[in-house]
1. Hey, any hits in the stretch B:48-59 for a residue that's within 11 Å of chain A (Cβ to nearest Cβ), touching a helix residue (DSSP H, G or I) at 6+ places or on another chain (Cβ under 6 Å), surrounded by 15 or more Cβ atoms within 10 Å (Cβ to Cβ) and at pLDDT 90 or above?
2. Considering the stretch B:22-47 alone, what residues qualify as being facing chain A (nearest Cβ under 10 Å) and at pLDDT 70 or above?
3. Name the single residue, out of those in the stretch A:109-127 being within 9 Å of chain B (Cβ to nearest Cβ) and in contact (Cβ under 8 Å) with a residue 40 or more places away in the chain, that is surrounded by the fewest Cβ atoms within 10 Å (Cβ to Cβ).
4. Just one of the numbered conditions (1) free of Cβ contacts under 8 Å to residues at least 60 places away in the same chain; (2) closer than 19 Å to residue B:65 by Cα is not true of residue B:108; which one?
5. Sort through B:46, B:100, B:60 and tell me the only one that's in a helix (DSSP H, G or I) and in contact (Cβ under 8 Å) with a residue 12 or more places away in the chain.
6. Looking at B:135, B:106, can you tell me which residue is within 14 Å of chain A (Cβ to nearest Cβ) and within 27 Å of residue B:40 (Cβ to Cβ)?
C-alpha cells in the first residue's frame, strides 16, 4: 500500500483530488490535511510516499510546506506534487525550484494527476 | 454539472473520520461513480455558498475600513483575495467557466489591491460588490438546477470588460528592498508574491522589526509543527 498526503484548504478540492486517485493500480491510503499546519502535524504519523499540496492556504502556504519537507532529512525523499490555481510561471518556478517534483494547474485533468502520481510512486516499494 | 473526473471503472474508496481515505485496487465495475459526482457537486455548492457569504461580510468590513481611514487591514484584503481564488479554482474543476472567469477577474482586482498595484480609491474596487452579487445569483440558479444561460454569460463578459478597463494602469516597479536583507535564502524563496510584497511594504515603512517579527513567527509556526511531529514520533517509537 502507498500512502499519500493531500493538503488543500478546500474540502471540495480535497474530495476531487482523492477521487481522482481512486483508479490507481496499487492500493492507496489517502490522508487529507486542510492546512499546511495540519500537514506538518500529520507528516510524522505515517511514512508517506507522496505529498500533494495547494499553494494558497491560510497559515503555512504550499511553498513553505515544500521548503520544509525538502529541507528536512527525514522527509526530503518524499515526492511532492503542487496542484495550484496559480498558473503563473513565478509560482511554478518557485515550487519546482524548492524541490517539488511536479506542478499541475487547477482545473487539473484527473488523468494527468494519476499519471504523475503513478510515475512518482513507481520508484517506491509498497508498504505493509 | 459533473466534475471533470475520470470515467474509468474499478476502484472503490471509503472515507473515514479524520480525513483518512482508503482506496482499494480496481476489481471490476464501480457503481458509486455517479453518487460520488453528485456528492462532489453538493459539496461544491455548499462550499461556494460559504465562500460567497464570507466575501460579502469581508467586503462590508473592507468598505467600513475604507471610509474610516486611508489604510485597510492587509489580512482582510488577502482573505477576500483567497476567497475569490478558491472559488475560481473550484468552479473551474466543475466546468463552470463563466463563474470561474468572473471570479478570476475579481481576484485580479483583489490581487492588485493586496500587492499595492491598485489603489483603494480605484473604480475597480467599487466593482467588487457587484461582482460578488453576480456570482451569488449564478450560484443560486445553479443550485436551483438551472444552467448559466447565454444572456448571463454575455452580461458577465460585459462586466469583465468593465473590470479590465478599471484596472488598466501602469505598474511601477520599485527597488528590491529584499536584496540586501540578511535572511536565510531558502526562507525568502518560500514566500509567495503577496508575502514578499508585505515584507517590502514593511521595509519601506521602516518597520523592519515588524517584518522580521512576521518572518520569525512564520518560521516558529513551522518549527512548532516540526517539534510537535518530533514529540509524536518519540511517543510512537519509544513509548
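1. Yes, the conditions are met somewhere in the stretch B:48-59.
2. The answer is B:37, B:39, B:40, B:41, B:42, B:43, B:44, B:45, B:46, B:47.
3. The residue in question is A:114.
4. (2)
5. B:100
6. Every option except B:106 fails the conditions.
The values are calculated or read from the model by the stated rules, or taken from the named source; none is laboratory data. Being a predicted model, the structure only gives us computed values, none of them experimental. A quick note on method: Cβ atoms are made from the backbone with ideal geometry, for glycine too, and the neighbour counts reach across all protein chains shown.
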